[in-house]
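Structure first, then comments.
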Amino acid sequence: MSIPPPFPPANQPPPGFGQPGGQPPGAFAPGQGIAAPPWQTGGPGGLTPRPVPSTKSKAPLIIGAVVVAAILVVVGVLVFGGDDDSGGGGGAIKSAAAASGLESILRDASFDEEGQETLRTCPLGDVDDLTAAVGKVIELDDQVVDGVEESAVTEESDLPGFLACQINAEEVPRDGPAGLFFQAIQDPPRDYEGYISEFSGDLTSLDFEDPVEYMGGEVFLFCAEAIEEDGYTGCDADWVNTDDNIALNIFLAGEGMNTEDAFTALKAVIVTMADNLAEAAPTES
């Protein structure tokens, strides 16, 4: 069963936010499905040592080889990126395949009269696994880890079609986010910041940071603070690839969050999210 949009259609926010207490506008109450877009109210080297006379010590060569190998590792990290750029899975983001998978999911969905379908499982990955991955890089309260999960898709209307999976604490934790929202957006608008601002309305204050280039896309970072009762509070990191027409994002709902936390959380799961979406892409016959 669905619930009506939390505020008038003209002021429905786009995917990506959360309100104090962790329940975003358009996010869904347990068992009810999504009511509206869930903005939150809503590279290697080796060495082959040359033979050395037995009368000479091999220690300097061994030490030298270790030093050179260490230098190669450092250079590789600097050139190709370290763990921070691994994206939760260590590989590249399969953006085109993920976009195809999302398109397939939306095309095959059985939307209700409000344009939503509740899903039994999250196509972005097991929500417990995604939450555990985030919990390795930022602190999560057990109430969130053991929280209520929901997943749903929303068809394209005035806003892009999207997929959202969430987990929320039943009671607001004293520290850390009150909920996590994992989302994929089909064909995100080119003016992404303008898109966010336009649909957030005047109930919420938005604080944007400069976008960051990351793994073939652009990450939009911002935090939201409710200034009216139906506003939303939390921080968001949205990875947007306009070439492949997909956005993947994570929102940390609640107070005390920052964009660094959101970006760190996104890095921990983005490759996994894209890989799982790619599995839904049609296979060639």
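Every number here is computed from the coordinates shown, using simple stated rules; none is lab data. Predicted model only: the values in this text are computed from it and were never measured. Backbone-built Cβ (ideal geometry, glycine too); neighbour counts: all protein chains shown.
General remarks:
- Highest average first, the peptides 245-251, 182-188, 202-208, 138-144 ordered by how many other beta carbon atoms sit within 10 Å of their residues are 245-251, 182-188, 138-144, 202-208.
- Exposure proxy shown here: for Asp158, Asp244, the number of other Cβ atoms within 10 Å sets the order, fewest to most, as Asp158, Asp244.
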